[in-house]
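The values are calculated or read from the model by the stated rules, or taken from the named source; none is laboratory data. It should be emphasised that the depicted structure is a prediction, and the values quoted were computed from it without experimental measurement. Don't worry about glycine lacking a Cβ; one is built from the backbone with ideal geometry, like all the others, and counts go over all protein chains shown. These area figures cover heavy atoms from the full protein model, side chains too; ligands, DNA and RNA do not enter into them. Shrake-Rupley method; radii C 1.70, N 1.55, O 1.52, S 1.80 Å.
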Amino acid sequence: PLKQLGETPSLTTIGNYAFEKTRLTRLGDIRLLQTIGNEAFYHTHLTQLGDLTALETIGYSAFWGCDELEGVGDLSSLTTIGGEAFRGTPLTKLGNLESLTTIGDSAFEDCTNLKIVRLPKTLKNVMEDSFKGCPLGELTVQSGANFECRCANLANRLRQLDGIVVTGGVP
């Protein structure tokens, strides 16, 4: 069975369901990767995502069910995290997300180990239940951020931070 995706430096897209329910544990060098499709790694055994600095989009449920995925690297070009993309994974922190604009519905729902989250000033939309069930212990928001937040858990946590004004979105 497939356990490792070796060096594939010219790969730009991993399509929908590409590695769904495989025994894949590791990704090699895929520095040009721009898109990860829906359910691409659904229920695999990935433990870590390295630096994917060209990645722009993570599709719906791309990593849902990856019960061993604890970390992500530099995702500095990422603009969109699809709904339920990392739902229920044991992530502890998010890497560099300096270009992020959208976090989809339930993207990190039930990531009960997710304690370190840094939201960039590029963020525009945080959808419903994006961080439901997450502790968000070390939450920081980059100066100048102005986004619509439809996630009650995140909105409540934001209200606890000094200098953050929460308006609209959820009550």
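Look at region 83-99: where a residue is under 11 Å from THR53 (Cα atoms) and a partner is outside any loop (DSSP other than H, G, I, E, B) and open to solvent by less than 50 Å² (accessible area, probe 1.4 Å), sitting 6+ places away or on another chain with Cβ atoms under 6 Å, you get GLY95/VAL72. GLU68 fails exactly one of the following numbered conditions: (1) farther than 19 Å from ILE116 by Cβ; (2) open to solvent by 40 Å² or more (accessible area, probe 1.4 Å); (3) not hydroxyl-bearing (Ser, Thr, Tyr). What is the number of that condition? Every listed condition holds for GLU68 apart from (1).
Given the criteria modelled with pLDDT under 95, within 10 Å of the chain's Cα centre (by Cα) and open to solvent by 40 Å² or more (accessible area, probe 1.4 Å), does LYS115 qualify? First the steps, then the outcome.
Numbers: modelled with pLDDT under 95: yes; within 10 Å of the chain's Cα centre (by Cα): no; open to solvent by 40 Å² or more (accessible area, probe 1.4 Å): yes.
In short, no.
Selection within region 4-35: residues that are at pLDDT below 80 and part of a loop (DSSP other than H, G, I, E, B). The member of this set that is surrounded by the most Cβ atoms within 10 Å (Cβ to Cβ) is ASP29.
Any residue in region 148-162 that is at negative phi sitting within a Cβ distance under 8 Å of a residue that is surrounded by fewer than 16 Cβ atoms within 10 Å (Cβ to Cβ) and among the charged types (D, E, K, R)? List the pairs, counting only those 6 or more apart or interchain. From region 148-162, the pairs are GLU148/LYS124.
Every residue, every condition in (1) part of a strand (DSSP E or B); (2) in contact with a Cys (Cβ under 7 Å, 6 or more places away or on another chain); (3) over 20 Å from ALA155 (Cβ atoms); (4) of a type outside the set (Val, Ile, Thr), yes or no:
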site: ASP74; (1), (2), (3), (4): no, no, yes, yes
site: THR89; (1), (2), (3), (4): no, yes, yes, no
site: GLU98; (1), (2), (3), (4): no, no, yes, yes
site: PHE108; (1), (2), (3), (4): no, yes, no, yes
site: LEU114; (1), (2), (3), (4): no, yes, no, yes
site: VAL117; (1), (2), (3), (4): yes, no, no, no
site: PHE131; (1), (2), (3), (4): no, yes, no, yes
site: PRO135; (1), (2), (3), (4): no, no, no, yes
site: LEU139; (1), (2), (3), (4): yes, no, no, yes
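When ASP110 is tested against (1) more than 14 Å from the chain's Cα centre (by Cα); (2) open to solvent by 40 Å² or more (accessible area, probe 1.4 Å), only condition (1) is not met.
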